[in-house]
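A short worksheet on the structure shown next.
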Amino acid sequence: MADHPARVAGLASQHAVRTKDRATWLNLFAPDAVVEDPIGRSPYDPAGNGHRGRDAIAAFWDTAIAESDIAFRMRDSYACGAEVAFVGTITSVRREVTVEVDGVFTYRVDADGRIAALRAYWELDRARRITSEPGTAG
């Protein structure tokens with residue numbers, strides 16, 4: 001089960017984000033891939049069209065991921081065809097603010113095992129924001 005291509009790619013993506021390895025993360029994606037995190041309109045994607053192609057995905061990293069410490073707590077995953085869905089919580093810490101989101105995070109791979117689509121199903125209004133005072137644990 002652990003060797004399913006989409007699960008392998010999804011876990012590699014999560015590891016690269018967690019370890020802040022931008023180059024490795026970007027190399028996981030097919031040239032025409034799309035990232036929708038979350039799906040639809042968001043502060044990082046006001047038009048709600050997703051970040052399409054490596055340049056747009058790199059820009060998404062630079063604005064949404066680079067300055068955050070991100071942790072993944074996935075409770076389970078379900079692989080079918082060329083896709084996997086992870087169910088769990090993502091915690092992001094940025095500038096003394098911690099945000100937690102519960103959701104479903106899907107990865108679809110192409111024939112070469114590269115990520116063709118990363119889609120995150122989570123709701124902005126259900127995100128839990130925890131603000132810490134400087135110098136305290138968050």
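The values are calculated or read from the model by the stated rules, or taken from the named source; none is laboratory data. Note that this is a predicted model, so its numbers are computed, not measured. Note that each Cβ is placed from the backbone with ideal geometry, even for glycine, and that neighbours are counted across all protein chains shown.
Filtered by the rule that a residue be of a type in the set (G, A, S) and in contact with a Gly (Cβ under 7 Å, 6 or more places away or on another chain), segment 34-76 gives G40, G48. Being basic (K, R) and modelled with pLDDT of 95 or more is a condition met by at least one residue of segment 109-116. Considering only residues that are out of contact with any strand residue (DSSP E or B) (no Cβ under 8 Å at 6 or more places or on another chain) and among the aliphatic types (A, V, I, L, M), look in segment 57-67 and name the one that is surrounded by the fewest Cβ atoms within 10 Å (Cβ to Cβ). Among them, the one singled out is A66.
Restricting segment 89-124 to residues that are part of a loop (DSSP other than H, G, I, E, B) and of a type in the set (D, E) leaves a set whose member that is surrounded by the fewest Cβ atoms within 10 Å (Cβ to Cβ) is D112. Would you mind stating whether A66 is small (G, A, S) and within 19 Å of V97 (Cα to Cα)? So A66 passes the test.
Can you tell me which residue is surrounded by the fewest Cβ atoms within 10 Å (Cβ to Cβ) among those in segment 1-48 that are among the hydroxyl-bearing types (S, T, Y), in contact with a helix residue (DSSP H, G or I) (Cβ under 8 Å, 6 or more places away or on another chain) and outside any helix (DSSP H, G or I)? Steps first, answer last, please.
Within segment 1-48, the first condition is being among the hydroxyl-bearing types (S, T, Y), and the residues that meet it are 13, 19, 24, 42, 44.
Narrowing further to those that are in contact with a helix residue (DSSP H, G or I) (Cβ under 8 Å, 6 or more places away or on another chain): 13, 24, 42, 44.
Narrowing further to those that are outside any helix (DSSP H, G or I): 42, 44.
Details: S42: 16, Y44: 14.
Per the criteria, the residue is Y44.
Checked against the criterion of being farther than 30 Å from D3 by Cα, in contact (Cβ under 8 Å) with a residue 12 or more places away in the chain and in contact with a strand residue (DSSP E or B) (Cβ under 7 Å, 6 or more places away or on another chain), the candidates V97, V104 yield just one match: V97.
Just checking, does segment 49-64 include any residue being out of contact with any helix residue (DSSP H, G or I) (no Cβ under 7 Å at 6 or more places or on another chain), over 16 Å from G113 (Cβ atoms), of a type in the set (V, I, T) and free of Cβ contacts under 8 Å to residues at least 12 places away in the same chain?
No: segment 49-64 contains no residue that is out of contact with any helix residue (DSSP H, G or I) (no Cβ under 7 Å at 6 or more places or on another chain), over 16 Å from G113 (Cβ atoms), of a type in the set (V, I, T) and free of Cβ contacts under 8 Å to residues at least 12 places away in the same chain.
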